[in-house]
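Undergrad: Next up is a structure, given as structure tokens.
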Amino acid sequence: MALSATDNVHRLGRVASWLATVAVTLLGLVALTFFIGRVIPIDPVLSIVGEKATQEAYDKVYFALGLDKPIWEQFTTYTLKLLQGDFGTSFTTTRPVLSDLLTFFPATLELATIGLFIGIVLGVPAGVASAYWHDKWPDHLIRIIGLIGYSVPIFWLGLVGLYVFYFKLDWVSGPGQIDVFYVGIVKPITNSILIDSALRGEWEVFWNAVSHITLPAALIGYFSLAYISRMTRSLMLDQLTQEYVLTARLKGANEFEVVLGHALRNAAIPLVTIIALSYGGLLEGSVLIETVFGWPGIGSYIASSLFRGDINAVLGGTFLVGAIFVFLNQLSDVLYATLDPRTR
Amino acid sequence: MSTIDQATIIGGSAARAAQWKQVVSFCRRFSRNPLGMFGLAIIVILLFCAAFAPWLAPHDPYLPNLQARLTPPGPEFWLGSDELGRDILSRVIYGSRLTLLIVGLVIVTAAPIGLFIGVVSGTYGGWLDVVFMRVTDVFLAVPKLLLALAFVAALGPGIVNAALAITLTAWPPYARMARAEALAVRNSDYVNAVRLAGASEMRIIFFHIMPMCMSSVIVRMTLDMAGIILTAAGLGFIGLGAQPPLPEWGAMISTGRKFIFDQWWVATVPGFAIFIVSLGFNLLGDAIRDLLDPHLKARI
């Protein structure tokens, strides 16, 4: 069927308003990081040069930051620089923040992706089972597991996990991404150690990396599971009480088909968007997990920059993760619109 | 609803009696929820510990005793001692005060700010609504812990700054919720009646729209508390919350981290306290939500 002109106009309008939303939110994000970095600190120069700096050094930084200019001009410069991918220079690594972020990001992505995968594989079936046996013992059990996941401090669970599974039982490797012995063997391709070692055929390194990632990924997976199973349960409960389910049952469809073929298929649409959103939360949760496990990701980069007063690095990291959040938000909207036949 | 309307017509004492009746029925229904009661018991114990810390703690939480450093749990130190020989049990008991302080500070600031912004936004509409909601969206778009981290980095570490940073990340959901409620009631008959009677917009907002948002705000607040405790503990763990020698639970885990393999109790005990308290708030919040939001009951 050929698209009519009005359809195209509608579609263009939708894309335009979508782009405008993204642009406004991103600009707000820029304003927020600018505000945190330049307005809240009483003297941004002092946080860079330290209190014992000479007047000369102070002035140099003062003018380099453009603090002599009016605040709106500072903001415009800041925004324009960000647009060009210039997040400033990290005071500690003396490299551009963007290239630092790109080096550290794959490790975080690796962790969050495997965590999300675990969360989906276990969380969706758990949520379905919980809704199906509503108020019976499987439901109570799954809800309690989820509730514990909501209540436990993730960094503490990481420490306890290290104590039990690494120190006592020796099932997994300790902190870090790989053993010191293997560092530098694999030449980076994607900067993700799992993918790189597999691509280069270094299976010994690969299995070492697997035993390092197991525990932190399992923990992130657990938190993801707690969230996804709760959401799946609630969506499935909505579906299972509806009349079409009763109709399907009356027509003689077996339970398997009713639950998975009918109810889950309808619950899947909002579920996909919820999962897309939770991915951002996992990136954030990795800040604490990475600190515990000495994982060389964006979370430990931000945390260690905090202590060195490296505000450029902190704000760059915050902006990057924030931008990913905005992107995921929009992605989930788009996914919803494409998956739901009613909005097509 | 009808009981309240009648009560206002009849007058003060009857109104109070009706309210009392509602409170009693709420308590009765609440007491039938075992998990909710369990959560409530945890919170009551927490409040008790905070109130009577000096009498409950067997040792001074700040006084170092280097001869007894890193003692395992035993008759002298029930839950062991830390790297300066301080009793961990006493520090955990005193730490309950700091936890309550942070939660209290965040709740009394974030909820009113969010409520005000949301209600004003929903009632007035127009460009004010657009601006407020865009700002809210931006705050919602940034991950909470990261935003709090960046704020504390700019403000400087400390317990009050940590609470302030959490507040700045915690208000947007309240604003969203309050706006939705305000939109729903701003053109309802009773609001129009008050408006015709000559009430000012401010009076309408504060006395006739805000009270309608209260039950959902209370539910949200109890459910939020567990999250606030976890975020505060996370900030403390990274080293940006309460500073030593304050016995804040997250900071205690952070120092205990160095000894996790040989002296497991230093980090494990305060973490367990965080877990129990946030579990308590979650259970309590779930139970209150079930009671105040009946249409949500079946869902989560």
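The values are calculated or read from the model by the stated rules, or taken from the named source; none is laboratory data. Keep in mind that this is a model prediction, so the values were computed, not measured. Glycine gets a Cβ as well: all are built from the backbone with ideal geometry, and neighbour counts include every protein chain shown.
Undergrad: Residues of the stretch A:128-154 being farther than 25 Å from B:G227 by Cβ and either more than 9 Å from chain B (Cβ to nearest Cβ) or basic (K, R) (or both), which ones?
TA: Kept after step one, since they are farther than 25 Å from B:G227 by Cβ, are these residues of the stretch A:128-154: A:128-129, A:132-138.
Scanning the stretch A:128-154 gives A:V128, A:A129, A:Y132, A:W133, A:D135, A:K136, A:W137, A:P138.
Undergrad: Just one of (1) part of a helix (DSSP H, G or I); (2) out of contact with any Lys or Arg (no Cβ under 6 Å at 6 or more places or on another chain) trips up B:V219, so point out which.
TA: Failed condition: (2).
Undergrad: Right, another one. Go through (1) away from chain B (no Cβ under 14 Å); (2) touching a helix residue (DSSP H, G or I) at 6+ places or on another chain (Cβ under 7 Å); (3) in contact (Cβ under 8 Å) with a residue 60 or more places away in the chain; (4) over 30 Å from B:T268 (Cα atoms) for A:R233 and report which single condition fails.
TA: Every listed condition holds for A:R233 apart from (1).
Residues are listed down the side, and each one gets a yes or a no for (1) farther than 28 Å from A:G149 by Cβ; (2) surrounded by fewer than 16 Cβ atoms within 10 Å (Cβ to Cβ); (3) assigned by the TED database to the domain that holds A:I178; (4) touching a residue at least 40 places away in the same chain (Cβ under 8 Å):
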residue	(1), (2), (3), (4)
A:F206	yes, no, yes, no
A:Y227	no, no, yes, yes
A:Y244	yes, yes, yes, no
A:K251	yes, yes, yes, no
A:N254	yes, yes, yes, no
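Undergrad: Now a separate question. Filter the stretch A:9-41 down to the residues that are among the polar types (S, T, N, Q) and either under 21 Å from the mean Cα position of the chain (by Cα) or within 11 Å of chain B (Cβ to nearest Cβ) (or both) and list them by number.
TA: We begin by selecting, within the stretch A:9-41, every residue among the polar types (S, T, N, Q); these are A:17, A:21, A:25, A:33.
Of everything in the stretch A:9-41, those that are among the polar types (S, T, N, Q) and either under 21 Å from the mean Cα position of the chain (by Cα) or within 11 Å of chain B (Cβ to nearest Cβ) (or both) turn out to be A:T21, A:T25, A:T33.
Undergrad: Ok, one more. I need a count of the residues in the stretch A:155-170 that are more than 7 Å from every other protein chain (Cβ to nearest Cβ) and without any contact (Cβ under 8 Å) to a residue 12 or more places away in the chain. Outline the logic, then answer.
TA: Kept after step one, since they are more than 7 Å from every other protein chain (Cβ to nearest Cβ), are these residues of the stretch A:155-170: A:157-158, A:161, A:164-166, A:168-170.
Remaining after also requiring without any contact (Cβ under 8 Å) to a residue 12 or more places away in the chain: A:164, A:168-170.
Result for the stretch A:155-170: 4.
Undergrad: Just a yes or no: is a residue in the stretch A:297-315 within 11 Å of another protein chain (Cβ to nearest Cβ) and basic (K, R)?
TA: Scanning the stretch A:297-315, I find at least one residue that is within 11 Å of another protein chain (Cβ to nearest Cβ) and basic (K, R), so the answer is yes.
Undergrad: Identify the residue in the stretch B:56-83 that is among the small types (G, A, S) and in a loop (DSSP other than H, G, I, E, B) and, among all such residues, is surrounded by the fewest Cβ atoms within 10 Å (Cβ to Cβ).
TA: Going through the stretch B:56-83, the residues among the small types (G, A, S) turn out to be B:57, B:68, B:74, B:80-81.
Then keep just the ones that are in a loop (DSSP other than H, G, I, E, B); that gives B:57, B:74, B:80.
Values: B:A57: 18, B:G74: 10, B:G80: 22.
Checked the stretch B:56-83; the qualifying residue surrounded by the fewest Cβ atoms within 10 Å (Cβ to Cβ) is B:G74.
Undergrad: B:A251 is checked against (1) within 7 Å of chain A (Cβ to nearest Cβ); (2) crowded, with 24+ Cβ neighbours inside 10 Å and fails just one. What number does that condition carry?
TA: Just one mismatch for B:A251, condition (1).
Undergrad: Which of the residues spanning the stretch B:153-182 are outside any helix (DSSP H, G or I), at the interface with chain A (Cβ under 10 Å from one of its Cβ atoms) and touching a residue at least 40 places away in the same chain (Cβ under 8 Å)? Spell out the reasoning first.
TA: Within the stretch B:153-182, the subset outside any helix (DSSP H, G or I) is B:156-158.
Right, trim to at the interface with chain A (Cβ under 10 Å from one of its Cβ atoms) and you get B:156-157.
Within the stretch B:153-182, B:P157 is the sole residue that qualifies.
Undergrad: Which ones in the stretch B:18-55 are in a loop (DSSP other than H, G, I, E, B) and in contact (Cβ under 8 Å) with a residue 40 or more places away in the chain?
TA: Here is the first cut: in the stretch B:18-55, the ones in a loop (DSSP other than H, G, I, E, B) are B:32-33, B:52.
Residue satisfying the conditions is B:N33 alone.
Undergrad: Follow-up. Sort through A:I324, A:I269, A:I274, A:I289 and tell me the only one that's assigned by the TED database to the domain that holds A:S192 and under 27 Å from B:G158 (Cβ atoms). Quick ask: steps written out before the conclusion?
TA: Numbers: A:I324 fails: under 27 Å from B:G158 (Cβ atoms); A:I269 fails: under 27 Å from B:G158 (Cβ atoms); A:I274 fails: under 27 Å from B:G158 (Cβ atoms).
The conditions single out A:I289.
Undergrad: Checking A:Y78 against (1) closer than 20 Å to A:V321 by Cα; (2) loosely packed, with under 12 Cβ neighbours inside 10 Å; (3) of a type in the set (F, W, Y): exactly one of these is not met. Which one?
TA: Result: A:Y78 passes all but (2).
This table checks each residue for (1) of a type in the set (V, I, T); (2) more than 7 Å from chain A (Cβ to nearest Cβ).
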| site | (1), (2) |
| --- | --- |
| B:I113 | yes, yes |
| B:T123 | yes, yes |
| B:F132 | no, yes |
| B:T136 | yes, yes |
| B:V142 | yes, no |
| B:L146 | no, no |
| B:F151 | no, no |
